[in-house]
Amino acid sequence: HNRAVFTIAGEAPAVETALLSLAAAAIREIDMVSWSGVHPAIGSMDVCPLVWIDDAGREQAEEAARRLGEQFGELGVPVFFYGGLARDEGRRERAFFRDGGLDRLWQRLASGELEPDFGPQHPHPAAGGWLVTARPPLAAFNIELETADLDIASEIAAQIRETGGGLSGVRAIGLTLSTGRTQVSTNVHDPAAMPLARVVEAVRDGAQSRGTHAVDAELVGLLPELALVDYPADLPIRDFDPDFHIIERRIKP
């Protein structure tokens with residue numbers, strides 16, 4: 001994937017300071033011209049969500065996201081608000097901005113087809129463009145398949161994602177891994193309402209009907225505890241440590 005995920009927790013001012021430092025480092029150290037990876041991306045800090053843990057923190061997270069978006073734009077990076085901060089319904093999904101990659105982003109900005117919420121009307125020469133929002137916790141959850149056939153992984157992803165009539169709140173794509181296997185890569189936007197057990201069940205059904213099976217799973221970042229209700233013991237989450245990966249165990253009152 002050639003991507004890294006950082007989870008930063010704390011009071012809003014400290015988190016904003018840390019993210020500005022991370023933004024400066026991303027601009028300095030990462031050149032998107034030479035970047036490659038199987039997961040779609042358009043920027044060195046490709047996506048920056050400010051996450052609220054409960055409804056009481058929502059307004060604060062949204063205000064912080066708007067401030068950071070403006071400050072990122074002042075660094076010379078075009079910033080696009082997505083999700084709940086998107087200016088219209090067509091800009092809610094990250095896929096809308098990532099479509100065609102960084103080359104296509106250059107074309108869309110240059111033609112005026114796409115306008116940033118903050119920053120210049122062109123990608124940063126090294127950092128590209130960045131996506132910013134505020135949201136509740138989600139689960140970035142991937143399931144590896146035995147097959148090397150990308151078409152199978154992509155078909156299963158299309159079958160289980162919400163836009164294909166599948167699971168509510170689930171975004172999914174199929175990817176090829178360096179292991180020679182493939183992966184159904186998902187974001188589960190409300191993992192309390194759509195626990196990972198249901199995602200596993202849907203992927204397994206799709207795999208079985210296509211003559212393959214799920215090998216193991218991977219969690220990227222943290223997730224809420226309710227996401228793991230009834231999770232099947234026979235599909236291990238690689239390197240999973242409940243005390244490390246469950247939000248409620250890491251962030252205590």
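Quick notes on this one:
- Working from label points 7 Å from Cα in the Cα-to-Cβ sense, the GLN60 to ASP205 distance is 4.1 nm.
- Using alpha-carbon coordinates, inclination of helix 12-29 to the longest axis of the chain, degrees: 90
- The length gained on full extension between ASP99 and ILE8, counted as 0.36 nm times the residue separation minus their Cα-Cα distance, comes to 30.0 nm.
- Computed in the context of the full set of protein chains, the accessible area of the chain at 1.4 Å probe radius has 50% of its extent on carbon or sulfur.
- Angle in degrees between helix 196-208 and the longest Cα principal axis of the chain, rounded to the nearest 10: 60
- Once you reduce the range 29-80 and the range 6-25 to the center of their Cα atoms, the two points are 11 Å from each other.
- Area accessible to solvent at SER111, 1.4 Å probe radius, in Å²: 80
- 0 to 90° range, to nearest 10: angle between helix 150-160 axis and the chain longest Cα axis: 90
- Label-point separation in nm, GLU248 to ALA24, each point 7 Å along Cα→Cβ: 3.8
- With a 1.4 Å probe rolled over the protein heavy atoms of all chains, the accessible area of THR163, THR147, THR179 falls in the order THR163, THR179, THR147, largest first.
- The chain - percent relative contact order, Cα under 8 Å, separation 6 or more: 18
- Taking GluC sites (Glu not before Pro) across the range 30-132, the ones in a DSSP loop with at most 12 further Cβ atoms lying within 10 angstrom of their Cβ are GLU113.
- Remark: spin-label model distance ARG87-HIS213 equals 5.1 nm, labels positioned 7 Å along the Cα→Cβ axis.
- Averaging 1/r over every pair of different alpha carbons in the range 143-228 and inverting the result gives a Kirkwood radius of 12.7 Å.
- Estimated translational D of the chain in µm²/s (Stokes, Kirkwood radius over Cα pairs; 20 °C; 1.002 mPa s): 113
- Ligands, DNA and RNA aside, TYR231 has an accessible area near 50 Å² when probed at 1.4 Å.
- Secondary structure note: in the chain, about 70% of the DSSP beta bridges are antiparallel.
- Probe 1.4 Å, accessible area per residue of the range 85-132, Å²: 49
The values are calculated or read from the model by the stated rules, or taken from the named source; none is laboratory data. Note that the structure is predicted; figures quoted are calculated from it, not measured. Note that each Cβ is placed from the backbone with ideal geometry, even for glycine, and that neighbours are counted across all protein chains shown. Surface accessibility is based on the protein's heavy atoms, side chains included, excluding ligands, DNA and RNA. Shrake-Rupley method; radii C 1.70, N 1.55, O 1.52, S 1.80 Å.
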